[in-house]
Amino acid sequence: MAEKVSASFRDPSGFMFKRDGEFYRQVNHSYKEDFDMLMSSGLYQHLSKANALIPHQEAELDLSPISDKAYKIIKPLQLDFISYPYEWCFNQYKDAAILTLSIARRALEYGMVLKDASAYNIQFHEGRPIFIDTLSFEAYKEGLPWVAYKQFCQHFLAPLALMAKTDIRLLALMRNYIDGIPLDLASALLPKSTKLNFGLATHIHIHAKSQQKYADQKLSQKELTGKVSKQALYNLLDSLLTVVRSLKVKTIMTEWADYYQDNNYTESSFEAKRDLVADFIKQINPKTVWDLGGNTGEFSRCASDLGISTVSFDIDPGAVQQNYAIVKSKKEKFMLPLLMDLTNPSPSIGWHNQERDSLKERGPADLIMALALIHHMAIANNVPLREVARSFAELGEHLLIEFVPKQDSQVVRLLSSRLDIFPDYNPGEFKEAFSEYYTILDEKPVTGSERTMYLMKRK
Amino acid sequence: MSQLFSFLMKPKQYLDPGAGSLIIQVILGVLLGAGVAIRVFWKQIKSFFTGKKGADAEFDPTEIESSEVIDITEDQKDK
């Protein structure tokens, strides 16, 4: 049974569908010429060789759910996890923007142009961004401006500029504005000093004004005195590349990024915990691991170092950014660091609430890891243990969870500034609450602490 | 010219490129063109005096890294 994927319904060139758990892309007859050009011009070969564009194979036409429109069916490389821009750290976002512009530039060399520049066209695969929309290319027509310029500014430049110049947390706006941050809003939120920055002044501030000015106006010859040459398009892309590259976030001094330097682990107990986690992972032998509250990925790497596809979620942009820096420097292929507030995880958004999946809909993972997390859920966020168990059980098949008792220094710290209203927060109640949703397979003490590690399988 | 733009604004494009977003590109075309010319000129002057060529172009993720290319298409075929 083939099922259309609701993320790609806007594009008349084709759509994604899923059959027997695998993703395919239909190329409609209407996109025939552009698709043939992509494949025969050498652009596809170039980009897929550079790992910039997702590679695909041709598949049988009769796989299509609407085969009368089908020119070709392609089966792209299957990705382990789909992430969204509002889950990326600053540098992931920046790399995605640079990739998009570089592809647009490269396409021009082959006589094609990127017809859209949506941030959702980028995914992370083997530690690097990759462009996934094979149907985004069309033949370049001399003299035309870049149709995706507005979209690029809304999807990439505005969020990056806001994160770099105003506040890193403004990334959350992407969760609300599915077609990118409106430029007039970005312009209003950016500090005045950015009007002196040539790139931001033109591509955001003046661009926003220009949009306002011409919003209801029909374009007439009088207003359009110039023609946008191919060289002008190159210049535009280069100018965007320059401004994107210049955007940086200050060293993010956030709560958790220096956690491991700042806590009371000794080196030997740290090693022991790592061995314990690795042993438990090997017992389950999962294909996918989600490490919830993974910080900089220290323990997530127990899984990814074994070649297991691992997503390491954390609420702290600084920690995710550090994790991504490690992925890049070590060229790690199995680790994907992402930003996620587990008390308010990514919802399903967009048309019919089906365009972008919630975190839960992207699961279940084979193994959920929740190390040194339970006290943040139960004590810092007042989530009852039963609720934590129910939520974790919906995300994955197995659970590796560390119980952090009240006498642990981290919990003492959490409780130091507030009234202890958690009489049920103890190992006995913890096991009882989790047993409602899970069978406990194994439990072991964490050496050098009073914590216990549990391996569970959901009922 | 107006034909050019009316072509862009027709429903053939499934994205609305936005009139203002197109017009600003015409303006930027002139501005950036001048900027590039000045930069190239400046680099030439600089390299004439220092004898050095300009710094290498920045990292381009669409550049094929010969040492690292893993042909994923081939991998998939084996599966």
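Values quoted throughout were computed directly from the atomic coordinates according to the rules given, and no laboratory measurement underlies them. What you see is a predicted model; the values in this text were computed from it and never measured. Cβ placement follows ideal geometry from the backbone for every residue including glycine, while neighbour counts extend to all protein chains displayed.
Net charge near A:His56: determine it from the other residues with C-beta under 9 Å of the C-beta of A:His56, scoring Lys and Arg +1 and Asp and Glu -1. Don't jump to the answer; show the numbers that get you there.
Values: positive: A:Arg25, A:Lys75; negative: A:Glu58.
Residues close to A:His56 contribute a combined charge of +1.
Calculate, in nm to one decimal, what A:Asp238 and A:Thr266 gain on full extension: separation in residues at 0.36 nm each, minus their alpha carbon distance. Kindly include the intermediate steps, with their values, before the conclusion.
On the way: separation 28, 0.36 × 28 = 10.08 nm, distance 4.93 nm.
Contour length minus Cα-Cα distance gives 5.2 nm.
Per the helix-only calculation at 222 nm, which mean residue ellipticity applies to chain A, given -39500 (n - 2.57) for every DSSP H run of n ≥ 4 and division by its residues, nearest 500 deg cm²/dmol?
The helix contribution divided over chain A gives -9500 deg cm²/dmol.
Using alpha carbons only, how many degrees (0 to 90, rounded to 10) separate the axis of helix A:267-284 from the longest principal axis of chain A?
Long axis of A:267-284 versus the principal axis of chain A: about 70 degrees.
What spacing in nm lies between the two simple spin-label points modelled at A:Leu61 and A:Arg169, each 7 Å away from Cα in the Cβ direction?
Label-label distance for A:Leu61 and A:Arg169, simple model: 5.5 nm.
By what distance, in whole Å, do the Cα atoms of chain A stretch along each of the three principal axes, largest value first?
Computed over chain A, the largest-to-smallest principal extents equal 77, 57, 39 Å.
Using the Karplus curve 6.51 cos²θ - 1.76 cosθ + 1.60 with θ = phi - 60°, work out ³J(HN,Hα) for each residue of segment B:33-50 in order, rounded to whole Hz, and write x for Gly and Pro.
Here the 3J(HN,Hα) series is x, 4, x, 5, 4, 5, 4, 4, 4, 4, 4, 5, 4, 4, 5, 5, 7, 8 Hz.
Between rounded, prolate and oblate, where does segment A:259-458 land on the alpha carbon gyration tensor, with a ≥ b ≥ c its root eigenvalues, rounded for a/c under 1.5, else prolate if a/b exceeds b/c?
Rounded, because the longest to shortest axis ratio a/c is under 1.5.
To the nearest 0.05, how large is the calculated FRET efficiency for B:Glu58 and A:Asn353 if R₀ is 51 Å and r is the Cβ-Cβ distance?
In this case the efficiency is close to 0.80.
Counting other beta carbons within 10 Å of each Cβ, put A:Ile326, B:Ile45 in order, fewest first.
Fewest-to-most ranking of A:Ile326, B:Ile45: B:Ile45, A:Ile326.
Would you please give the residues with an amide H less than 5 Å from that of A:Leu53, counting only those at least 5 places away or on a separate chain, with H modeled from the backbone geometry?
Under 5 Å from the amide H of A:Leu53 lie the amide H atoms of A:Ser48, A:Phe131, each far enough along the sequence or on another chain.
How shielded is A:51-60 by partner chains, expressed as the average number of their Cβ atoms within 10 Å of its Cβ atoms?
Counting other chains' Cβ atoms within 10 Å and averaging over A:51-60 gives 3.
Given R₀ = 60 Å, what would the calculated FRET efficiency be for A:Lys330 paired with A:Ala139, taking r from the Cβ atoms and rounding to 0.05?
Result of the calculation: an efficiency of 0.90.
Within segment A:1-106, list the GluC sites (Glu not before Pro) lying in a DSSP loop whose Cβ has at most 14 other Cβ atoms in a 10 Å radius.
Hits after loop and neighbour filter: A:Glu60.
Name the shape class, rounded, prolate or oblate, that the alpha-carbon gyration tensor gives for segment A:399-459, where a ≥ b ≥ c are the square roots of its eigenvalues, rounded holds for a/c under 1.5, and otherwise prolate holds if a/b is larger than b/c and oblate otherwise.
oblate
What are the ³J(HN,Hα) values, in whole Hz, obtained from phi via the Karplus relation 6.51 cos²θ - 1.76 cosθ + 1.60 with θ = phi - 60°, for each residue of segment A:200-205 in sequence order, with x given for Gly and Pro?
Ordered by residue, 3J(HN,Hα) equals 6, 4, 6, 6, 10, 5 Hz.
Under 17 Å Cα to Cα from A:Lys69, which aspartates and glutamates show up? Leave out anything in the same chain fewer than 8 places away.
A:Lys69 reaches A:Glu3, A:Asp11, A:Glu33, A:Asp34, A:Asp36, A:Glu58, A:Glu60.
Would you mind getting me the FRET efficiency between A:Asp275 and A:Ala380? Use the beta-carbon distance for r and R0 = 35 Å, nearest 0.05.
Calculated value: 0.80.
Looking at segment A:271-321, which trypsin sites (Lys or Arg not before Pro) are DSSP coil and have at most 14 other C-beta atoms within 10 Å of their C-beta?
Passing sites in segment A:271-321 are A:Lys287.
Once you've got the Cα coordinates, tell me which of A:Lys141/B:Lys43; A:Lys192/A:Lys248; A:Lys165/A:Lys209; A:Lys115/A:Lys213 are over 27 Å apart. Please report the intermediate quantities before stating the final value.
Values: A:Lys141/B:Lys43 32 Å; A:Lys192/A:Lys248 18 Å; A:Lys165/A:Lys209 20 Å; A:Lys115/A:Lys213 24 Å.
Too far apart for the 27 Å limit: A:Lys141/B:Lys43.
First select every other residue whose beta carbon is under 10 angstrom from the beta carbon of A:Asp95; then total the charges, Lys and Arg +1, Asp and Glu -1.
The answer is +3.
Give the percent of DSSP beta bridges with both residues in the protein assembly as shown that are antiparallel, rounded to the nearest 5.
65 percent
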